[in-house]
Amino acid sequence: METGLIIVLVLAVAVGLSLGLLGGGGSILTVPLLTYVAGMGAKEAIAASLFVVGTTSLISAVAHARKGNVRWRTGLVFGAAGMVGAFAGGLAGGYLPDTVLMIAFAVMMVATAVAMIRGKKKTTADASGGPQGLPLKRVILDGLAVGLVTGLVGAGGGFLVVPALVLLGGLSMPVAVGTSLVVIGMKSFSGLAGYLTTVSLDWSLVVGVTAAAVVGSLLGTLLTSRVPEVALRKGFGFFVLVMGVFVLSQELPSPAGLVVVVAATVLSCLVAVCRLTSVRCPLVPRPQPR
């Protein structure tokens with residue numbers, strides 16, 4: 001029991017490290033950690049992950065704010081819309097079967113991994129990393145959609161929020177990461193409130209995991225200027241892909257689960273070889289000339 005708890009806490013540090021470095025990825029690691037290592041049910045793991053990621057994100061956001069990497073107006077507008085969607089998602093998630101939630105979570109993991117590996121399009125931002133004419137209606141709609149996903153499956157926060165902030169708000173990558181932590185914190189607690197209407201948690205375990213994640217997030221914040229963002233993002237993307245395939249193999253019936261594992265392994269190896277050899281991957285669309 002003690003060994004298992006130590007493993008859970010060590011892995012929780014990795015959760016915080018991901019949040020501090022990338023502004024996301026916390027729930028992608030937290031839900032499988034609490035489900036398959038700590039032995040929680042799917043609903044309890046999702047609810048607990050919302051508390052862990054929400055608390056860790058807000059504390060890490062303070063550290064980023066001290067570096068000037070948080071745009072409060074943009075974050076609060078996006079976060080407020082996300083809170084509405086997250087609360088609705090949390091309410092709905094409490095009534096869905098565990099298997100459905102875990103399969104939805106795994107699909108989100110795979111989608112997130114593909115987006116991370118492929119990378120993001122470059123966008124223009126002003127010198128201060130601030131928004132250039134914030135499109136309020138679009139930000140609110142995107143906030144509602146991202147919040148709904150976050151509240152429902154406890155995932156999709158950071159790696160949906162960061163690109164949205166870069167594209168819609170005109171923020172530079174470091175500022176988008178810092179601002180996303182404010183958004184994630186707001187949405188996570190709103191989604192947690194929805195889940196707590198139907199779920200009860202082991203708060204001693206949740207608080208312990210949260211404390212370990214906070215340590216990791218502060219370490220990640222310190223490393224943001226020292227670790228190559230592209231290499232880190234792609235490496236983490238492949239790891240998330242593996243985790244997503246693992247969850248699908250656990251939740252789907254045996255034949256379907258085996259097919260998913262084999263297909264995902266082949267596709268992952270193909271993408272990895274293409275990336276390493278600079279050969280155009282047939283799975284990645286060729287950029288269209290302007």
How far is it, in nm, from the label point at T197 to the one at V62 when both lie 7 Å from their Cα along the line to the Cβ?
3.1
Calculate, in nm to one decimal, what V230 and A145 gain on full extension: separation in residues at 0.36 nm each, minus their alpha carbon distance.
27.9 nm
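Before anything else, pin down the relative contact order of segment 2-226: Cα pairs under 8 Å, at least 6 apart, normalised by residue count, whole percent. Intermediate results must be reported in sequence, preceding the final value.
Numbers: 448 pairs, mean separation 92.6, N = 225.
That works out to 41 percent.
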Can you find, among L76, A104, A213, the residue farthest towards the positive end of the dipole of segment 2-226? Put +1 on the C-beta of Lys and Arg, -1 on that of Asp and Glu.
L76
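Ranking request for peptides 55-61, 143-149, 9-15: highest mean number of other beta-carbon atoms within 10 Å first, then the rest in descending order.
Ranked by mean Cβ neighbours within 10 Å, highest first: 55-61, 143-149, 9-15.
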Determine which residues of segment 191-219 fall in the zone a paramagnetic label at I6 would reach in this model, i.e. backbone nitrogen under 15 Å from the point 7 Å along Cα→Cβ.
none
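Values quoted throughout were computed directly from the atomic coordinates according to the rules given, and no laboratory measurement underlies them. Please read these numbers as outputs of a predicted model, since none were measured by experiment. Here Cβ is always computed from backbone atoms with ideal geometry, including for glycine, and neighbour counts include all displayed protein chains.
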